[in-house]
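Remarks on the structure that follows.
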Amino acid sequence: MIEIKVPELAESITEGTIVEWLKKEGELVTKGESIAELETDKVNVEINSEHTGVIKEFLFQPGDNVEVGQVIAKLDENGSESSAAAPAPDAAPSEEPKAAPAPEAKEETVAVESAEKGKPAIASPAARKRARELGIDLSEVPYKDPLGRVRVEGVEAYKQAQATPTPVPSAKQPAAAPVVNDDPRVERIKMSRRRQTIAKRLVEAQQTAAMLTTFNEVDMTAVMDVRARRKDAFYKKHGVKLGFMSFFTKAVIGALKAYPYVNAEIQGNEILLKNFYDIGVAVSTDEGLVVPVVRNADTLSFAGIEAEIGRLAVKARDNQLGLSDLQGGTFTITNGGTFGSLNSTPIINAPQVGILGMHKIQRRPVVVDNNDTVEVRPMMYVALSYDHRIIDGKDAVGFLVKVKELLEDPEDLLLEG
């Protein structure tokens, strides 16, 4: 009997949550074939079998937490495809006519319907847990997100859609199950593993770093003018849209070169100055915020940056990011303006020591320096949160002023970029 274990994933990942089994007990699996999807702190990964055989037993259920190296299933190397297929409820019916009626035939029909009804559904661990609490078959829930996954909201919507809600039979509850909610108006939802990790790291960043935020504002007139004049030709030539992120990425790189301590890391009593520019770009997904990294961004053109950010964003929203897409990063940019935020204080993505927050572009009256007249301009507030342990206020302000200057003079940005 072969034991299937949770493989080594990455240096910082020691455990995960089983999202779903991709095979059934008694089913044949070949070497290299995926048998389970595992949710980790950073990404979802598939666990592959290193042997060919028949799955004899699953030791955990979807929603259970497992550790690296832990046995999660058992495989019989001597099993065969025919023996694996025989007990399956959807196997081909016997060609011999059935002589007797049907108590047994009826039972078989019920079993087939039950098996079809119990067909594994793609769902988040929280949705599976909530479905178990409510006695709901996930395969019957029609409410799914764009990726085809059932979430807690879909389970609750399905429950409310039933004409007569069916209480969960007490026999299905664990022996010592606590009361989930005393107040029916309150819903208790378990945080996903990724959300727990995000929460833990954000708190750690605030507790370990001497974090401070400084603000400035950028007149986006010049950048918007360049985009308006060049966007069609840019798209025709490169096949990607000219967005704001390439301008901000280039401006950040120029400022990091001028203020290298913002592109650093603290390790014990030492400062690691990083002479490369792997820029993290925060992307919001259904499972929470992730920060894929644009590698060697200083060597990329505007089109290269836009294409890479677009590729990573699609992978993030399709839940296809790999660990290599998320590891490292020397500085992060986050854009709350896509959700309408006018200003904010972003939290450092440790162990980095700086993060730039972009915000909504809003037209408002400003005094134009060269003639003291008031004009309506497209303005954006920008925020730099930084670790005051190694970055002084002067450097932080200077960094943000440099970003502002480069964005307000795109020709200078092109020359320095």
What's the number of the condition Phe276 fails, among (1) surrounded by fewer than 20 Cβ atoms within 10 Å (Cβ to Cβ); (2) closer than 19 Å to Ala209 by Cβ?
(2)
Residue under question is Thr332, and the condition is that it be under 17 Å from the mean Cα position of the chain (by Cα) and of a type in the set (Ser, Thr, Tyr); does it hold?
yes
Just to be sure I understand the filter: pairs with C-beta atoms under 9 Å, separated by 6 or more residues or on different chains, first member in region 218-239 and under 21 Å from Arg363 (Cα atoms) and surrounded by 10 or more Cβ atoms within 10 Å (Cβ to Cβ), second member modelled with pLDDT of 95 or more and among the hydroxyl-bearing types (Ser, Thr, Tyr). Which pairs pass?
Val218/Tyr381
I'd like to verify a number: residues in region 24-63 that are acidic (Asp, Glu), in contact with a strand residue (DSSP E or B) (Cβ under 6 Å, 6 or more places away or on another chain) and more than 30 Å from Val293 (Cα to Cα), how many?
3
For region 277-295, how many residues are at pLDDT below 95, part of a loop (DSSP other than H, G, I, E, B) and either over 18 Å from Asn335 (Cα atoms) or among the aliphatic types (A, V, I, L, M) (or both)?
2
Within the group Ser344, Ser385, which residue is of a type in the set (Gly, Ala, Ser), buried (at least 16 other Cβ atoms within 10 Å of the Cβ) and assigned to a loop (DSSP other than H, G, I, E, B)?
Ser344
Please go through region 296-329 and pick out each residue that is outside any helix (DSSP H, G or I), more than 13 Å from the chain's Cα centre (by Cα) and buried (at least 17 other Cβ atoms within 10 Å of the Cβ).
Leu300, Gly329
Within region 29-46, track down each residue that is over 15 Å from Glu3 (Cα atoms), among the aliphatic types (A, V, I, L, M) and either at pLDDT 80 or above or surrounded by fewer than 17 Cβ atoms within 10 Å (Cβ to Cβ) (or both).
Leu38
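The values are calculated or read from the model by the stated rules, or taken from the named source; none is laboratory data. Remember, predicted model here, so these are calculated numbers, not experimental data. Note: ideal-geometry Cβ built from the backbone for every residue, glycine included; neighbour counts use all protein chains shown.
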